[in-house]
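Colleague: Next up is a structure, given as C-alpha cells.
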Amino acid sequence: MTMICSKLPNVGTTIFSVMSALAAEHKAVNLGQGFPDFECDPQLINAVTAAMQAGHNQYPPMPGMPQLRQTIANKMQALHGKSYDPNTEITVTAGATQAIITAILAVVQAGDEVIVLEPCYDSYVPNIELAGGVVVRVPLTPGTFKPDFDKIKSAINSKTRAIIINTPHNPSATIWTQADMLALQDLLAPTNILLISDEVYEHMVYDGQQHESVARYPALANRAFIVSSFGKTYHVTGWKVGFVAAPAEMTAEFRKVHQFNVFTVNTPMQVGLTSYMADASHYLNLPAFYQRKRDLFRAGLQATKFKLLPNTGSYFQCVDISDIEQGNQLSEAEFCKWLTTEIGVAAIPLSAFYGDGFEQKIVRFCYAKKDETLQAALTKLKQI
C-alpha cells in the first residue's frame with residue numbers, strides 16, 4: 001500500500017536524463033542536453049570570487065541585490081525601451097525554471113486554464129498541474145513552428161488565465177516576429193489573460209534580426225511576466241540565476257510565492273553578475289559568438305543525410321531524419337537511441353516536447369559546444 005498520491009502521476013525520468021545517461025554509457029558526443037561544454041569568461045569567475053572575499057556571503061534582500069536589479073532595469077531600458085522599476089518590478093530568481101513555476105503558482109488557481117504552445121519546454125505542463133490548473137495544448141504550425149493565432153483564439157474561453165510563449169524557441173530554434181507579437185497583442189487586448197514570456201535565449205538571435213521581447217510591446221508588457229536567464233547568457237547554467245520583470249501588481253504576487261519557495265538567490269553571484277554586466281559587450285557580442293558555431297555546425301551537417309530546418313535563434317539545430325533509413329524505420333526516440341549507441345552522437349527527439357508524442361521525423365541537436373566537440377560529432381554523423 002502506497003502512502004503517497006502523486007501530484008504528478010504522469011511524470012517519469014525525462015528524455016534528457018535518459019539520453020545523457022545513454023551518452024555517458026556509450027561514450028557518445030552529447031549534443032542532447034542544452035548546456036555548454038566550455039568554460040565561462042574568467043572575468044566572471046573573478047568577479048564572484050572577489051564578492052565572496054569581500055564578505056558578500058549572507059542573505060541578500062528577498063527580491064535580489066538592489067544593484068543587480070538596477071542593472072537589469074538599465075539593460076531592459078537600453079535594449080527594449082521599456083522602463084521597469086527595480087524596486088517593485090524586477091525580481092532575481094534561482095534560474096528561469098524557478099521563475100516560471102513561481103509565476104504560475106502566483107496567478108493560476110484550481111481550474112484555471114493555461115495555454116501552452118507545443119512543442120514546448122518540459123517544465124511548463126507540470127508547473128501548471130502543480131498549481132491545480134488545466135493545461136490547454138495548442139500546436140505551433142508543423143514544419144514552420146509559427147504560432148497559429150486562429151487556433152490560439154479558438155482555445156481561449158472564460159477560464160483562460162494565462163498563455164506561455166517562448167522566443168527564441170526551444171526546441172525549434174525559431175523566433176517570434178514583430179507581426180507575431182502584434183497579432184498576440186491584438187488577440188489578448190479584449191481579455192484579462194496574463195502572459196508568461198520565456199526569453200532565456202534572448203541574446204541568441206541571428207542574421208541581423210532583433211529579439212522581439214514582450215517588453216517592446218506596451219499592451220503585452222502590462223500583462224506579462226518576462227523571464228530570462230544569466231546561466232544561458234553567460235555560459236553558467238549550473239549557477240541557476242535568472243530574473244523576472246513584471247508590472248508592480250503582478251510582481252507583488254510573484255514575490256509572495258518567491259519568498260516561500262526559495263526566499264532569495266545566492267549573494268556572491270548576484271554581486272559578481274552586477275560587476276560583470278557593467279560591460280554590455282558580454283551580451284551584445286553573444287549573437288555573433290553563437291552564430292559562428294551555428295554556421296560551423298550547419299555547414300558540417302550539409303555533408304550528411306540530415307535535412308536542416310531553418311535556425312534563427314537559440315543554440316539548437318533541428319534536423320529532418322526522413323532521408324535516413326533508420327529514420328524511416330524507427331520512432332524519433334528510437335532513432336535517438338540508435339544514433340547514440342551505434343553512431344556515438346546523442347540527440348533529443350522532438351516528440352518529447354509534445355504531450356501526445358507527436359512524430360514529425362525531427363530530432364534536435366545542441367551546438368553550444370566547443371568547436372572540437374562539434375567537429376567530433378560531425379565526423380561521426382557523416383558516417384550515416
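Colleague: Helix-only estimate, please: 222 nm mean residue ellipticity of the chain, summing -39500 (n - 2.57) across DSSP H runs of length 4 or more and dividing by its residues, to the nearest 500.
Modeller: Calculated from helices alone, the mean residue ellipticity at 222 nm is -11500 deg cm²/dmol.
Colleague: Sticking with this one: What's the exposure ranking of Leu182, Leu22, Leu8, Leu273, going from fewest to most Cβ atoms within 10 Å? Display every interim value, and only then the final one.
Modeller: Values: Leu182 14, Leu22 18, Leu8 10, Leu273 26.
Taking fewest neighbouring Cβ atoms as first place, the list is Leu8, Leu182, Leu22, Leu273.
Colleague: Right, here's the next one. Lys/Arg Cβ at +1, Asp/Glu Cβ at -1, dipole of the chain taken about the Cα centre: which of Ser172, Ala219, Pro61 is farthest positive-ward?
Modeller: The one lying farthest along the dipole's positive direction is Pro61.
Colleague: Per residue, how big is the convex hull around the C-alpha atoms of the chain? Give it to me in cubic angstrom, could you?
Modeller: With only Cα atoms used, the chain gives 154 Å³ per residue.
Colleague: Roughly how many debye, to the nearest 20, is the charge dipole of the stretch 1-82 about its Cα centre, given +1 on each Lys and Arg Cβ, -1 on each Asp and Glu Cβ, and no other charges?
Modeller: 400 debye
Colleague: Give me D for the stretch 64-146 in µm² s⁻¹, whole number, from Stokes-Einstein with Rh from the Kirkwood sum over alpha-carbon pairs, 37 °C and 0.692 mPa s.
Modeller: 221 µm²/s
Colleague: If you don't mind, another one. Please enumerate, by chain and number, the aspartates and glutamates with C-alpha under 13 Å from the C-alpha of Lys305, excluding those fewer than 8 residues away in the same chain.
Modeller: Asp320, Asp323, Glu325
Colleague: At 0.36 nm per residue, and after removing the present C-alpha to C-alpha distance, how many nm does the segment from Trp338 to Gln259 gain when stretched out fully?
Modeller: Length gained, Trp338 through Gln259: 24.0 nm.
Colleague: Taking neighbour Cβ counts within 10 Å as the exposure measure, how do Thr340, Thr49 sort from fewest upward?
Modeller: Thr49, Thr340
Colleague: Quick one: of Lys151/Lys232; Lys82/Lys256; Lys27/Lys369; Lys75/Lys232; Lys307/Lys361, which pairs are farther than 19 Å apart, Cα to Cα?
Modeller: With Cα atoms farther than 19 Å apart: Lys151/Lys232; Lys82/Lys256.
Colleague: As an exercise, take the mean of 1/r over every pair of distinct alpha carbons in the stretch 106-222, invert it, and state the Kirkwood radius in angstroms.
Modeller: Every distinct Cα pair counted, the radius reaches 14.5 Å.
Colleague: Defining a contact as two alpha carbons under 8 Å apart and six or more residues distant in sequence, what relative contact order in percent does the chain show?
Modeller: 25 percent
Colleague: Kindly provide the pair-distance distribution of the stretch 1-70 built from C-alpha pairs, with 5 Å bins from 0 and whole-percent values in order of increasing distance.
Modeller: Distribution as computed: 3, 10, 10, 12, 9, 10, 14, 17, 10, 3, 1 percent.
Values quoted throughout were computed directly from the atomic coordinates according to the rules given, and no laboratory measurement underlies them. From a predicted model like this one, the values you see are computed outputs, not experimental measurements. Positions of Cβ are generated from backbone atoms using ideal geometry, with glycine treated the same way; all protein chains shown enter the neighbour counts.
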